[in-house]
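Student: Got a structure for you, written out below as structure tokens; questions coming shortly.
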Amino acid sequence: MSIMIGNINKTTQPLRDEPMSAHTSWRIGGLADLFYQPVCMEELSRFLAEQDPKINIYWVGLGSNILVRDGGIRGLVICTRHLPKKIERISECQVKVSAGVPCTSLARKCVRWKLGSAAFFAGIPGTFGGALAMNAGAFGGETWDFVDTVETINRSGEMHSRTVADFKVGYRSVSGPIDEWYLGALLEFETDNNADLSSISELMQNRSSTQPLGKRSCGSVFRNPRDGFAAQLIEAAGLKGARIGDAVVSEKHANFIINNGSASADDVERLIRLIRQRVEADCGVILELEVQILGEKLP
């Protein structure tokens, strides 16, 4: 498939053959044909308008919920990490948030504004755009429970304002207009005059005590099944500490797979298959992936 860059006169130039291992929290991944990090919405819109309409486009933020295969990505990767990070209070309970804002920053800002129902965002390791894309959640809260409208951009660089009715939202899943990606959203929270940053500290302490923070991982690998927890099923199957290559099931939280040094994407995928097979054999539950797998395997 051809890749057209076009005559681009911008501060940011796309990179060819960029190692995705530098852009994922697992520190794993082959080369992307084309990798682009826009610094403003206008630049992004112009860039998209100049691309071959047949090119495959993939969007990443902090790379915390993706596994890029060792053969890399054929097409264009757009990383939102350098886009402006804006959190704007529109009214007493409404907040406008851009896609590149880290979820932890959103939580802290909202709690300072006494919007206590936003505290759960502190438990989501990625950016707000990624949280929108998968209806990410933590500590009992889910992103789309608070969405009023979303801003998107399409392949032609055209921006749209969409309502919740334009999307089908489920547990860790969202589907909507084809070939549109999130630029941000307007959120509506409840006020809580008792909210303060100590609530976030408590949530983060709980997270630190139960999850292997600071390790090379993607967060939760599997979705929790109905009426249960993936981590409990994996642990019950005797898989804590299970290893393939340098990919290891965390001893601290069994729904985390750690890159213990030089794990390949193939190591991780093989370990994922082992976990699914053993859990199904043990209790009859087929675990569904929460992590998104992108790209091609090596020949």
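Student: Quick one: how many lysine pairs does the chain have with C-alpha atoms less than 19 Å apart and a gap of 8 or more or different chains? Give me the count, please.
Tutor: 10
Student: For the chain, what does the relative contact order come out to in percent, with C-alpha contacts under 8 Å and a separation of six or more?
Tutor: Relative contact order, the chain: 19 percent.
Student: Of V147, V68, how do they rank once you tally other Cβ atoms within 10 Å and put the fewest first?
Tutor: Taking fewest neighbouring Cβ atoms as first place, the list is V147, V68.
Student: Now for a different question. Please order R74, R16 by the number of other Cβ within 10 Å, starting at the fewest.
Tutor: The order, fewest Cβ neighbours first, is R16, R74.
Student: Could you state the orientation-averaged shadow area of the convex hull built on the Cα atoms of the stretch 15-79, in nm² to one decimal?
Tutor: 4.2 nm²
Student: What's log10 of I(q)/I(0) for the chain at q = 0.10, 0.11, 0.12, 0.14 Å⁻¹, Debye sum over Cα points only, no solvent?
Tutor: Taking Cα atoms of the chain as identical point scatterers yields -0.57, -0.70, -0.83, -1.11.
Student: Same structure, new question: Write out the GluC sites (Glu not before Pro) in the stretch 33-85 meeting two conditions: DSSP loop, and at most 15 other Cβ atoms within 10 Å of their Cβ.
Tutor: E50
Student: Rounded to the nearest 5, what % of DSSP beta bridges with both residues in the stretch 15-79 are antiparallel?
Tutor: 35 percent
Student: Quick one: of the DSSP bridges fully inside the chain, what percent are antiparallel, nearest 5?
Tutor: 75 percent
Student: May I pose another question? Return the tail of the calculated pair distribution for the stretch 149-278, meaning the percent of Cα-Cα pairs more than 25 Å apart.
Tutor: 51 percent
Student: On a C-alpha basis, how far is the centre of the stretch 101-164 from the centre of the stretch 233-281 in Å? Whole number, if you could?
Tutor: Measuring centre to centre over Cα atoms gives 29 Å.
Student: In terms of the Cα gyration tensor, with a ≥ b ≥ c the square roots of its eigenvalues, is the stretch 87-188 rounded because a/c is under 1.5, prolate because a/b exceeds b/c, or oblate?
Tutor: prolate
Student: Hey, another quick one. Let me make sure I get this right: for the stretch 18-162, a, b and c are the square roots of the gyration tensor eigenvalues over alpha carbons, sorted descending. Under 1.5 in a/c it's rounded, otherwise prolate if a/b > b/c, else oblate. Which is it?
Tutor: Here the stretch 18-162 falls in the oblate category.
Student: Which order results if Y58, Y36 are arranged by neighbouring Cβ count within 10 Å, fewest first?
Tutor: Fewest-to-most Cβ neighbours within 10 Å comes out as Y58, Y36.
No value in this document is a laboratory result; all are computed from the given coordinates. Keep in mind the model is a prediction, meaning the values are calculated, not measured. Using ideal geometry, Cβ is built from the backbone for each residue, glycine included, and neighbour counts are taken over all protein chains shown.
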